[in-house]
Amino acid sequence: MADTTNWVGSRQLLRRLRDVMAGGGDAQARLDQIAGIIARDMVAEVCSIYLLRPGDILELFATEGLLKTAVHRTRLRIGEGLVGDVAAHARPLSLDEAQDHPQFAYRPETGEEIYHSFLGVPILRGGRVRGVLVVQNQSRRNYTEEEIETLQTVAMVLAELVASGALAAESEFASADGIALRPLRLDGARLNGGLAMGRVVIHERRTTISQVVAEDVTVELERFDAAVQDMHRSLDAMMEELGGHRSGKEHVEVLEAYRMFAEDRGWLARIREGIRGGLTADASVAKALNDTRARMAQITDPYIRERILDLDDLAYRLLQHLDGGEAQQDRRRLREAGDTVLVARSLGPAELLDYGRRELKAVVLEEGSATAHVAIVARALEIPLIGRVAGLLDRVEAGDHILVDGDNGTVVVRPGDDTRQAFAETMQSRAELQEVYETLRDLPAVSGDGAEVSLNLNAGLLLDLPQLRQTNAAGIGLYRTEIMFMMQGQLPGVDEQAGVYRRVMDQADGRRVVFRTLDAGGDKLLPYMSGHHEENPAMGWRAIRMTLDRPFMLRQQLRALIRAASGRPLEVMFPMVAEVSEYRAAREILELELARAASRGESLPESVSAGCMLEVPSLLFQLPQLTGCADFLAVGSNDLLQFMYASDRGNIAVSDRYDILSAASLRMLRSVVAACDAAGVPVSVCGEMAGQPLEAMALVGLGFRSLSMASSSIGPTRMMIRSLDVGSLSDFLDSLLTGPSRSLRSKLSAYARDHGVSLWT
Ligand code: PEP
Ligand code: MG
């Protein structure tokens, strides 16, 4: 903990920074001043600010002490040099002799060779690295804990300033050519990852209505009915066309949900009523569109907003059909245009499909959320998608060059040549890495010393299933069933559920699938279940608590799973269990349903195994009892760690506060492996940490032999494990875990570096 003098010092420093911000002036001048203030306050000869640019490039934006000519010229990739190393591991790096460090990369243009000591901290926001802040001294010295903390605090302020636009540093890149339309960087939300570059095509929707009042109501009604028929036919054609795509069936599922809206009788009836009241078909559809817009303005629930957006999208489609095939013309224009990045206010799933995969490199929207249907389709088609880019349409023009960094949720419009070049190189090296993963695809995830790790997928939609074969994962370690429940307008019945679960198992084609029972409630609201406001939804009425209170829901779900498994192995697990008695109660319901199916002569699963998620710390103190009755455990580290540290995983003010790679959490995880091994109960990890480089390495070192993760992590994890010696890592961890260390991240990174472990940073 810092002493009081240090806090006073850091407060004064922050005040000075705030004064610079309040003072006005251009962005570059302010950044320069900030670098000067930090250098003086930290008694350092050098202070440099590197900011992340699309394509994972760290660019020197300002410096006090290094040669000014290096500003905007010195660029490092993530993982390159000491600065890149700080960004790659998102943790501070303090060295008394920088040049001795194996990662040191000499950049002659900076004139930094005379500086010996180095302290770099990541500039973090929302859990993501936005840049690196560095101080350097000529003398060899060790930076104190207090100095490191002070620099981290300053980096935090810098991150907020950059993000708030107060610095405008991210949007005012120095323009080499100085023309009026400057390069522009815009931030949004990552809805689907990946990098792409191309030219802007603006997706336009027809909104002008030439005639409002109907001359003949009957004719208008006929035009409307014909347009509805046309729309259905084109949706059917789309579904058919998708049948040929490798993940075709899954898109159909999304489109079917979408078509449900197209058949929404209430909505269609309202439009007909408008026509009967004297409006043309077009005007009545436009009125329905305005109505949904007005309703949307009052609704904050993201799920319901998305469903209303679907209706909104359908209204535009209907207008196009009334007008005669505008979408087709758009599509043709696009084919002629070549590499296209589609820019729109919002986009429906069918509209995205209108454009076709080959023509489209990426999509950037002013609206949109991760649960939007368009995001689901984009994921399946592997099209990078960024949403919620404020002011997008006002700032781009058709034909502009655009770089899309879906991983970081940023775009650069009208990039300079050098930025384009660097971005293209990053895309190229990503593609090469992807080829390496491909070559390893069919090799087992076995370490150098023979430890085999089962790599599984986390999934939640039929759309995810093709990834099983593409990644050659062992199976699905976590199937989040709640996603289907969230996408529906009403509670899905047994038959409907059984149909989906059957298709999941069919497509898994003999590979194991672990179905997690409904984890609704909390922030995963079901629109048809009236929920009351909860102060702490993550700790509220959710998951197993809800389904044990509403046993019919659990019974129906288990009944559907049993029916779907018929003759095949069934694996289920229960979420958010806090007491062994809850697991037992859920299991009893499973037994009841099995007995019911047997008494009706239904074909039973070949075998049934019932696991328990370990997400609530209270279970850590019931492990012998739990392993006595559960068939397997799955560590939901996202929840387990947030509860262990009492640190909300969704709150960026605290989500980065504790390191998952601390001695405390690793000791806890090691005790889970020990208890499970002693009881002979299989255990896996299916939280996000299982798919992250250092974390996955640590988990294997602790003894976990089964991990479940997003599909994009399978290839890199396989490569990491194949480069690892688990015995030596376990010994290393044993020596680390006795200490009090708040974070073992840097020690584990150093281990990986020294032992040639391939980490995909
Ligand atoms: C977890 O908590 O780690 C987990 C896998 O469940 P979810 O992220 O769906 O809450
Ligand atoms: Mg969870």
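The values are calculated or read from the model by the stated rules, or taken from the named source; none is laboratory data. Predicted model, so just to flag it, every value in this text is computed and none were measured. We place every Cβ from the backbone using ideal geometry, glycine too, and count neighbours over all the protein chains shown.
Suppose we keep only residues that are acidic (Asp, Glu) and assigned to a loop (DSSP other than H, G, I, E, B) within segment 138-190. Which one would you say is modelled with the lowest pLDDT? In this case the residue turns out to be Asp177. The condition of being more than 16 Å from ligand 2 (Cβ to nearest atom), farther than 17 Å from Cys686 by Cβ, in a helix (DSSP H, G or I) and modelled with pLDDT of 95 or more holds for Ala597. The criterion of at least 1 residues that are modelled with pLDDT of 90 or more and more than 18 Å from Arg559 (Cβ to Cβ) is met, among helices (runs of 4 or more DSSP H) falling completely within segment 457-515, by 466-471, 494-508.
The conditions of being of a type in the set (Phe, Trp, Tyr) and away from ligand 1 (no atom under 14 Å from the Cβ) are met by Phe632. Selection of segment 600-618 for residues being part of a strand (DSSP E or B), more than 13 Å from ligand 2 (Cβ to nearest atom) and not aliphatic (A, V, I, L, M) yields Ser607, Ser609, Gly611. The set of residues in segment 619-637 being touching a helix residue (DSSP H, G or I) at 6+ places or on another chain (Cβ under 9 Å) and either β-branched (Val, Ile, Thr) or within 15 Å of ligand 2 (Cβ to nearest atom) (or both) consists of Leu619, Thr627, Leu633, Val635, Ser637.
Looking only at segment 384-398, residues that are within 21 Å of Gly194 (Cα to Cα) and touching a Lys or Arg at 6+ places or on another chain (Cβ under 7 Å) come to 1 in all.
Matching residues to (1) closer than 25 Å to Arg16 by Cα; (2) assigned to a helix (DSSP H, G or I):
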residue: Ala39; (1), (2): yes, yes
residue: Ser48; (1), (2): yes, no
residue: Leu51; (1), (2): yes, no
residue: Thr69; (1), (2): no, yes
residue: Leu76; (1), (2): no, no
residue: Val83; (1), (2): no, yes
residue: Val86; (1), (2): no, yes
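The single condition from (1) surrounded by fewer than 17 Cβ atoms within 10 Å (Cβ to Cβ); (2) over 22 Å from the mean Cα position of the chain (by Cα); (3) of a type in the set (S, T, N, Q); (4) assigned to a loop (DSSP other than H, G, I, E, B) that Ser741 fails is (1). Checking each residue in segment 566-621 for being within 16 Å of ligand 1 (Cβ to nearest atom) and farther than 22 Å from Glu482 by Cβ picks out Pro617, Ser618, Leu620. Taking the conditions exactly as written (among the hydrophobic types (A, V, I, L, M, F, W, C), more than 24 Å from Leu76 (Cα to Cα), surrounded by 19 or more Cβ atoms within 10 Å (Cβ to Cβ) and modelled with pLDDT of 85 or more), does Leu342 satisfy them or not? Yes; evaluated as a whole, the condition is true for this residue.
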